[in-house]
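Since every read-out is calculated from the coordinates, none of them should be taken as a lab result. Since the structure is predicted, the reported quantities are computational estimates derived from the model, not experimental observations. Because the Cβ atoms are built from the backbone with ideal geometry, glycine has one as well, and the counts that use them run over all protein chains shown.
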Amino acid sequence: MISNMRFGWTAICIAAGFGRASFAQWLPGYQIYSITRIGLTDAVHTGNGGLQFSSVSFFSTPAFVSGTSRRSPINSVADNGRDAWVWNGNVTTQIGLNGGSYTGAAGFQWSDVSSMNSAGQVVGHSRRITGTNTSNGQDAWVWNGTTTVQIGLTGGGYSDSSGFQFSQALLQNDAGQVAGVSNRIAGGQAYDGQDAWVWNGTTTTQIGLTGGVHTGSAGYQASYVNSQNAAGHVTGVSERVSGIDEPNGQDAWVWNGTTTTQLGLTGGVYTGSAGYQYSDANLQNAAGQVVGLSGRVSGVDQSNGSDAWVWNGTTTTQIGLTGGVYTGSAGYQSSYGILQNEAGQVVGNSVRISGVNKFNGRDAWIWNGTNTIQIGLTDGDYIGSAGYQSSEAILQNAAGQVVGGSARVSGIDKSNGYDSWIWNGATTVQVGLTGGAYTGSAGYQASEAKLQNAAGQVVGTSLRISGVDKIDGRDAWVWNGTTTARIGLTGGVYTGASGFQVSDVHLQNAAGQVAGTSIRITGVDGYTGEDTWYFDPTTNFTTAVIGSVRVTDNYALSRPTILTDGGFLLGNYLFFSGGFGLGEQRAFIYRPDLGFTDLGSLVAGGLTASGWLTLRNPLFSDALNSIVGYGMVEGQTSGQSVFVMTIPAPGSMLIVLSSLLCCSRRGRERGR
């Protein structure tokens, strides 16, 4: 490990232009950062003893951050609500609806942040308050970069006699369009359903299916929103109603920016004798292709399964596996789509049926735009003596590669583990660790794929097995497109006396670098902390990322939180001063060729000079141009503050460098 002092001096020399090529440059452009505390920190947001607590919710490039800060009555540690805020790269601004019906008699108010787009527009909610802190509904709002604007449907049938109203913003795109729902109120106080709406940046427009079968005899109607794409198309469902407010199914729809169009399979086996039908639209891509399902109905409203479909902007096409083992003797079948990419490929599962409607497993499939193709592991260890088999898809990338798992079966339908696989566009390939320590004496083995990148590289874990099916920990692995390789930390402190070890994967980037954790073991399977590790596919090495170890019991703890596409890993670790004590959580940054450093050491002039005690947990970053996370400021013994580390502007670099060089020179003189 290279010391932080060496990293600091090396990077300063390079930034100043007189470093030698043999020195490694710590960060792209500069090694040092300026640090800014963001969030609300005035008296209203400061409790007894200076307690302050801010949370970060969203980050977007370039350097927009949004979150909330706790309200605390003066001279009290009591919770008095939350206020929302946004940082635009320069200042923190309180946003949300406040005052009037949003503030209680003792100052209580509560706003939260639900989303933020790349333009820094923030969407959230503010509670309506009566008395001291009694909730009286909530209103949705958007902060457009200048002001907070209330959105949603209000007044008339959306507010009761006490002022109660409830709107919820659920979706937002980069164009600033927002979709949500608002409660309908009847008779001045009774819930009467909800209406879907979209806000286009200027006005709120009701969307969804209304009237006819979608409205009860007394006006009840209920619509919901499911998805929104970059073009502002919104999908959702509207309840079908009989009588006053009796549910009679639901219909799927898409709003194209002008009109609402009903989607799904209707008529025939999809409609009951009293008009019951059920469709749902659950996926949508940028091209406006929508994936959903429609219930198959027998009699009045008895479920007889469901069929998957895709709408291409003009027509609805049924997809999924049908007929044969997928259809019961009375017509029961059940297919559903779960993944969709921008190319329009859809991935889903279809239930295998025996008899009338007996579940006999499921098969995974992909629809390529023309045909439905079964994927997954079949036959041999994956099919029971009566035809039971069960595969499911869990991940899909833009290239159409699909990752999933297939159950291992013994006898008729007894579980004997689970194997992971990838469908590469032509064939299904098993991935994961098998044989040896990963397979029990009766063939039990279990692998779980967890992450996949655009290149099709897959990472996951496989259980370690002893005896018939006794679990003895788990190991991490990566599939590089050809072979599965074990990764993570092994041997020594990571392996118990009987071979027990546990590794997990947490992060993967576009280059195939992987970060995870391995448990430190004492005795047979005793826990003595966790170490972060880093796998680099260019070297095929897994390296340990260890910041500090307690000497009394060999305990260490670190966890990864960010892995940039440039290969930098950030996370948090426990620092043990002198190797003793309970430890203090600190943030770190790491790359194998550059080593480990405490993130706080990269702050220009040092943390203390900037008013910070520690940086504890980095959460967001945009290629290291900005780093956002949690820390503690000087004087804090509890609570939480939000920091933003940014690279100083070139014009300010000479001032910072001169300061650091002077400090370094004085330090050397004192050390003589």
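Computed over region 402-506, the P(r) curve from all C-alpha pair distances, binned at 10 Å from the origin, holds 16, 45, 30, 8, 0 percent per bin.
Arranged from fewest to most other beta-carbon atoms within 10 Å of their beta carbon, Asp79, Asp413 become Asp79, Asp413. Gain on full extension, evaluated as 0.36 nm per residue between Thr261 and Ser329 minus their Cα-Cα distance, stands at 21.1 nm.
Simple point charges give the picture: +1 on the Cβ of Lys and Arg, -1 on the Cβ of Asp and Glu, and for the chain a dipole about the Cα centre of about 1800 debye. The alpha carbon convex hull volume per residue for region 37-130 rounds to 83 Å³. Suppose the Debye formula is applied to equal point scatterers at every Cα of region 157-225; what is log10 I(q)/I(0) at q = 0.28 Å⁻¹? Calculated log10 I(q)/I(0) at the listed q: -1.19. Calculated from the alpha-carbon coordinates, the chain shows an Rg and a Dmax of 28.8, 95 Å respectively.
Its residue count N fixes a reference of 2.2 N^0.38 Å for region 545-650, and the Cα radius of gyration divided by that reference is 1.07. Rg/Rh for region 453-509 (Cα atoms only, Rh after Kirkwood) is 1.03. Using the alpha-carbon positions of region 228-267, Rg (one decimal) and Dmax (whole number) come out as 12.3, 38 Å. Please work out the Cα center distance from region 544-593 to region 297-313, rounded to the nearest Å. If we compute the Cα centre of each part, the gap is 52 Å.
Straight Cα distances below 18 angstrom link Lys470 to the aspartates and glutamates Asp419, Glu448, Asp525, with same-chain residues fewer than 8 positions distant left out.
The share of C-alpha pairs in region 227-374 whose separation exceeds 22 Å stands at 41 percent.
Other residues with beta-carbon under 12 Å from the beta-carbon of Ala454 carry, at +1 per Lys or Arg and -1 per Asp or Glu, a net charge of -2.
Computed extension gain for Thr203 through Gln374, at 0.36 nm per residue and net of the alpha carbon distance, reaches 57.0 nm. Derived scalar couplings between HN and Hα for region 546-551 equal 10, x, 6, 10, 7, 6 Hz in order, rounded to whole Hz, by the Karplus curve 6.51 cos²θ - 1.76 cosθ + 1.60 (θ = phi - 60°), x for Gly and Pro. Considering only Val122, Asn144, Thr132, and ranking their Cα positions along the charge dipole of region 104-202 that arises from unit charges at the beta-carbon of Lys, Arg, Asp and Glu, the one farthest toward the positive end is Thr132.
The residue list Ile375, Asn416, Trp311 was ranked by how far each Cα lies along the charge dipole of region 310-438 toward its positive end, using unit charges on Cβ atoms, and Asn416 comes out on top. For Lys358, the lysines whose Cα comes closer than 17 Å to its Cα, not counting residues fewer than 8 places off in the same chain, are Lys414.
How much of the pair distance distribution for region 298-337 lies past 12 Å, counting alpha-carbon pairs only, in percent? That tail contains 62 percent of the Cα-Cα pairs. Cβ crowding within 10 Å ranks Met632, Met645 as Met632, Met645, fewest other Cβ atoms first. Taking the charge dipole of the chain about its Cα centre, with +1 at Lys and Arg Cβ atoms and -1 at Asp and Glu Cβ atoms, the residue from Trp479, Asn256, Tyr444 reaching farthest to the positive side is Trp479. The fewest-to-most ranking of Tyr278, Tyr438 by surrounding Cβ atoms within 10 Å reads Tyr438, Tyr278.
Here the Debye sum runs over all C-alpha atoms of region 498-559 as equal scatterers in vacuum, and log10 of I(q)/I(0) at q = 0.15, 0.18, 0.23 Å⁻¹ comes out as -0.50, -0.68, -0.94. For region 252-314, the normalised intensity computed at q = 0.12, 0.15, 0.18, 0.28 Å⁻¹ comes to -0.31, -0.46, -0.62, -1.11 (log10 of I(q)/I(0), Debye sum over alpha carbons, equal scatterers, no solvent).
Kirkwood analysis of region 432-480, using all unique Cα-Cα pairs, places the hydrodynamic radius at 11.0 Å.
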